[in-house]
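So the structure is just underneath, and the comments pick up after that.
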Amino acid sequence: MSIAFFISPHGYGHAARAAAVMEAFHDLDPDAEFEIFTKVPEWFFRHSLSGTFTYHPLLTDIGLVQKTSLKADLSATVTRLDSFLPFPEQKISELARMVSERQCRLLLCDISPMGILVARRAGIPSLLIENFTWDWIYEEYVAECAGLRAHLSYLGEFFRRADFHIQTQPVCRPRNVQLTTSPVSRRARSTREETRRRLGIPPHALVAMITMGGIPETYPFLDPLQELEDFVFLIPGGGNEASRRRNLFLLPHHSDYFHPDLVNASDALIGKVGYSTLSEVYWAGIPFGYIARDDFRESPVLISFIEKNMRGVALSAKEFTSGDFALRLPELFALGRVEHQGLNGADPIARFIANLNP
């Protein structure tokens, strides 16, 4: 079975969720092949997938243009949407031919509405997987950025045309859908002990992982952290190459370490509230020192989920950028791990796809 995936390049969260679904489906059908359309780097999927896939570098979605990992640039977002939409008929027809030539029997979108239009043109079913859609996100900004209104209406129409619809917790706007699942996350492949051994971190060290997701970020507090000898800090995206500075382990975004393994090897995580980070922390069962995005509509929903279902400490953006979050580390570590029961949401999604038998 061949399945096409159209994936939003807004951060790595949508790619991580889609990759988790691909891996779960590969477990059910090892002969399955995936056609991946996105601008998320190919290495991300090579690192995440064990099955056969073909990568097609394609801008499938704009989402939001980011000034920083915590701040969106609405003006730049409108400018890019104006040049991206409406979808060019010739491009949609070309993509539909590609999908048909590769004998794809289903097209899955996370959360690119372009894919829904391509599936219709190719005559195959479309499956939308989301915990929010862009029209819902844009609604929050229309009062201050009227240029989003037309794009909101245009994209919302395509989201409503999906043949099948799955939502993954934490869900921002619950709908009457075919399936709602628990959080979807890529699974760790190595044990906590194995990953620590590879890194050279002592088994009993208190390890805090720091991550702001897939958006590049600078960390002005690294030097003061080296004075905190009772703790070890693991920082993916902390440098262009792997290096160690006393108690700091700095890694590039693209390293030899699988990101869920790094989360699993940590005792707590400090970072931006984002879908894939929340999901990986949830299934690892470690406490979450979370920083909200004040201008992002998804954030309150994710925070509510953390407060009800996870162990965490709320941190302000100022605490993070100043490094004052270090004062909260004893509080965060004291929360300890918790084991969550149930199935990773990727598993019921994979079974749903298998039962479709398109």
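Beta carbons closer than 6 Å, at least 6 apart along the sequence or on distinct chains, pair a first residue in region 87-98 that is crowded, with 16+ Cβ neighbours inside 10 Å with a second that is β-branched (Val, Ile, Thr) for Ile92/Val118; Leu95/Val118; Ala96/Val118.
Gly63 meets all of the listed conditions (1) in contact (Cβ under 8 Å) with a residue 40 or more places away in the chain; (2) at negative phi but one, namely (2). Applying the condition of being charged (D, E, K, R) and part of a loop (DSSP other than H, G, I, E, B) to region 140-151 and asking which residue is surrounded by the most Cβ atoms within 10 Å (Cβ to Cβ) yields Glu140. Considering (1) in contact with a helix residue (DSSP H, G or I) (Cβ under 9 Å, 6 or more places away or on another chain); (2) hydrophobic (A, V, I, L, M, F, W, C); (3) surrounded by fewer than 22 Cβ atoms within 10 Å (Cβ to Cβ); (4) within 30 Å of Phe320 (Cβ to Cβ), the lone condition that Leu58 does not fulfil carries the number (4).
Applying the criterion of at least 1 residues that are of a type in the set (Gly, Ala, Ser) to the strands (runs of 3 or more DSSP E) found wholly in region 187-280 leaves 206-211, 243-245, 268-272. Applying the criterion of being more than 23 Å from Asp324 (Cβ to Cβ) and touching a Pro at 6+ places or on another chain (Cβ under 8 Å) to the residues of region 198-255, the residue that is modelled with the highest pLDDT is Leu251.
Looking across Phe325, Phe320, Phe333, one residue alone is over 20 Å from Ala205 (Cα atoms), surrounded by 12 or more Cβ atoms within 10 Å (Cβ to Cβ) and aromatic (Phe, Trp, Tyr). It is Phe320. For region 152-175, filtering for residues that are under 13 Å from Met114 (Cα atoms) and surrounded by fewer than 21 Cβ atoms within 10 Å (Cβ to Cβ) leaves 6. Just checking, does region 10-17 include any residue being over 22 Å from Tyr138 (Cα atoms) and either assigned by TED's automatic domain parsing to the domain that holds Glu157 or in contact with a His (Cβ under 7 Å, 6 or more places away or on another chain) (or both)? Checked region 10-17: at least one residue is over 22 Å from Tyr138 (Cα atoms) and either assigned by TED's automatic domain parsing to the domain that holds Glu157 or in contact with a His (Cβ under 7 Å, 6 or more places away or on another chain) (or both). Among the residues of region 61-86, the ones that are surrounded by fewer than 17 Cβ atoms within 10 Å (Cβ to Cβ) and aliphatic (A, V, I, L, M) come to 3 in all. Only helices (runs of 4 or more DSSP H) whose full extent lies in region 31-115 are considered here, and the ones with at least 1 residues that are within 24 Å of the chain's Cα centre (by Cα) are 42-48, 74-84.
The values are calculated or read from the model by the stated rules, or taken from the named source; none is laboratory data. Please read these numbers as outputs of a predicted model, since none were measured by experiment. All Cβ positions, glycine included, derive from the backbone under ideal geometry; neighbour counts span all protein chains shown.
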